[in-house]
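Notes follow once the structure below has been shown.
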Amino acid sequence: FYGVGGVCTNANISDLGMRCRKTRLGQILGDNLFQDAAPLAQPGGSENLLAALPQRVRVSGDSRLLGEAETKFRTHLRRIIGLCNERGIPLIVCTPASNLRHQSPISMPGDPRKLRTIGRTLSSAMSNDVSKAIAKELETLTRAHPRNAAAQYRLAQSLEQNEQYRQAISAYSLARDLDCCRYRAPSSHSRIIKEECQRSKSTTFVCDIEKAFFEASGNFAPGEELFLEHVHFTMAGHWLAANTIAQTIVESVMQTEWRESDLPTVSERDEWLGVLLEDELVAYRLAYFVTKSAPFNEAVDADIHAVRLEHCYDSLIALLPQRDLEIFNSLSPGEKMDDLVDSIARSYMDTGDTERACQLFEKSIRRRPWMPNGYVFAAACRHRAHDDVEANRLLQLSDSTVIPKSARLIEVENKFRRDVEH
């Protein structure tokens, strides 16, 4: 909707807009026009149109923009497929999966008042008779308001409670489509992907991630087990998506046998990737902030979503040892998001726990082998442990990474070299 070429932007002036934002005058004008648009913005910070518009402009279910967006999506996808086919590049197109069960639609002024009462009732224990009576009432409401996303969502919840799982999944999917949320692709996008891939050459493949998520969810629509909020995956969701893509590559592209037994175990995966418990803490905290920002803070169950994420966060942070908890709480938001492992490792190094710091810097190298940071700090750590042979090897490796070293990193490296020389 709001990217370059989207139906709510003008592609011809996008370049001009970007240039204007680089000027002080353009920033002042933009900040004055959209100063109340982004509640997560830092005081005095600059927000761009992309951050502002999805919170200020709603696209209704009867808007012509929906059809135009689908047409543009099909056109752009067809162009991508054509370019890859012309150059003999194998292309895998993934269907989009989203949280249907635990992401409620945005509350609208025209929502029937009765839905609020029903929502409170559905969240509490009830007898079968009451549950069935509510289901009938909701069926009547959805017939009277066939394009109301909140009514469809409540109907889905009711059907699920009555163990009518297939009908519940259909209602959840329809609620997602009627919600017209710019962050959750409607079901039509999966259909368009399949249609466009089927009409192309044999080097274009569909990876049906949406189907895999439905199958993994069993009788239920995909929800909090696989998603943090509307579309971002939990660790389990990432793992499922990765396995699904890998299987498509092996079977469709390489045309060899897919063996589940070749997959690493969860513990092996976490060790190879250098996963920390703190990673999940950061993920759940960021997801919580998303639920507090527009448009998600206007969802009919926004408070329930926020409480659910807080509970997940509290359950995980209780597992951290006291020393790890103190270090984690001392980190800035920027360190947690962009430099988590190195920041934790430097804290251990500063307090003299060289062994633990070295372990974490090794994880940093596994997580981001293209970054020089882990190598340089690991080298400094090895030097403190009186292993200069390994330290020099790590420094040599840092010179071959694709990301250039920052001024701070060069300063650390130079200090280490001076220490070695003396």
(request) Using the Cα centre as the reference, give the magnitude of the dipole from point charges on the C-beta atoms of the chain (Lys, Arg: +1; Asp, Glu: -1; all else neutral), rounded to the nearest 20 debye. (result) 1740 debye
(message) Please give me the summed charge of the neighbours of residue 162: other residues whose Cβ is under 14 Å from its Cβ, Lys and Arg +1, Asp and Glu -1.
(response) -1
(request) Relative to the longest principal axis of the C-alpha atoms of the chain, give the angle of the C-alpha long axis of helix 340-350, reported between 0 and 90° and rounded to the nearest 10°. (result) 30 degrees
(message) Please check: in the Gaussian network model of the chain (C-alpha springs, under 10 Å), which one of 341, 389, 231 has the largest mean-square fluctuation.
(response) 389
(message) Just to confirm my numbers, what's the Cα centroid distance between region 156-228 and region 370-417 in Å?
(response) 46 Å
(message) As a footprinting exposure proxy, order 419, 177, 338 by other Cβ within 10 Å, with the fewest listed first.
(response) 338, 419, 177
(request) Would you mind checking the tilt of helix 149-161 against the longest principal axis of the Cα atoms of the chain, expressed as 0 to 90 degrees and rounded to 10? (result) 90 degrees
(request) Multiply the residue gap between residue 183 and residue 80 by 0.36 nm, knock off their C-alpha separation, and tell me the result in nm, one decimal place. (result) 34.9 nm
(request) Kindly put 189, 383, 305, 76 in sequence by how many other C-beta atoms sit within 10 Å of each C-beta, fewest to most. (result) 76, 189, 383, 305
(message) Within region 156-173, name every residue whose backbone N is under 16 Å away from a label modeled 7 Å from Cα of residue 136 along the Cβ vector.
(response) 159, 162
(request) Assign unit charges at the C-beta atoms only (+1 for Lys and Arg, -1 for Asp and Glu), then state the dipole size of region 65-165 relative to its Cα centre in Debye, rounded to the nearest 20. (result) 240 debye
(request) Measure nothing but the geometry: give the 0 to 90° angle between the long axis through the Cα atoms of 187-198 and the longest principal axis through the Cα atoms of the chain, rounded to 10°. (result) 70 degrees
(request) Just add up the charged neighbours of residue 410: K/R +1, D/E -1, any other residue whose Cβ is under 12 Å from the Cβ of residue 410. (result) +1
(request) Would you please name the GluC sites (Glu not before Pro) within region 227-323 that are DSSP coil residues with at most 16 other C-beta atoms within 10 Å of their C-beta? (result) 257
(message) Over the chain, how many pairs of lysines fall under 18 Å by alpha carbon, counting only those 8 or more apart in sequence or from different chains?
(response) 6
(request) Can you tell me the relative contact order of the chain? Whole percent, Cα pairs under 8 Å, sequence separation 6 or more. (result) 13 percent
(message) Taking a virtual spin label 7 Å from the Cα of residue 203 along the C-beta vector, which residues in region 69-109 bring their backbone nitrogen under 14 Å of it?
(response) 80-92
(message) Along the charge dipole of the chain, pointing to its positive end and built from +1/-1 on Cβ of Lys, Arg, Asp and Glu, which listed residue (284, 402, 108) has its Cα farthest out?
(response) 108
(message) Using the crude model of +1 on Lys and Arg Cβ and -1 on Asp and Glu Cβ, and no other charge, please compute the dipole size for region 114-179 relative to its Cα centre, in debye to 20.
(response) 200 debye
(request) Just name one of 240, 381, 205: the one whose Cα is farthest towards the positive end of the charge dipole of the chain (beta-carbon charges, Lys/Arg +1, Asp/Glu -1). (result) 205
(message) Here are a few candidate values for volume of the Cα convex hull per residue in Å³: (1) 201; (2) 133; (3) 431. Which one was actually calculated from the structure I just gave you?
(response) (1)
(request) Within region 164-188, which residues have the backbone N less than 17 Å from the label spot 7 Å out from residue 128 along Cα→beta-carbon, could you tell me? (result) 164-165
(request) Please compute the net charge surrounding residue 317, taking Lys and Arg as +1 and Asp and Glu as -1 over other residues with Cβ under 11 Å from its Cβ. (result) -4
(request) Arrange 342, 350 by Cβ neighbour counts within 10 Å, fewest through most, would you? (result) 350, 342
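Computed from the coordinates by the stated procedures, all read-outs in this text should not be read as laboratory data. Small disclaimer: the values here were computed from a predicted structure and weren't measured. Cβ sites come from the backbone with ideal geometry, for glycine too, and all protein chains shown count toward neighbours.
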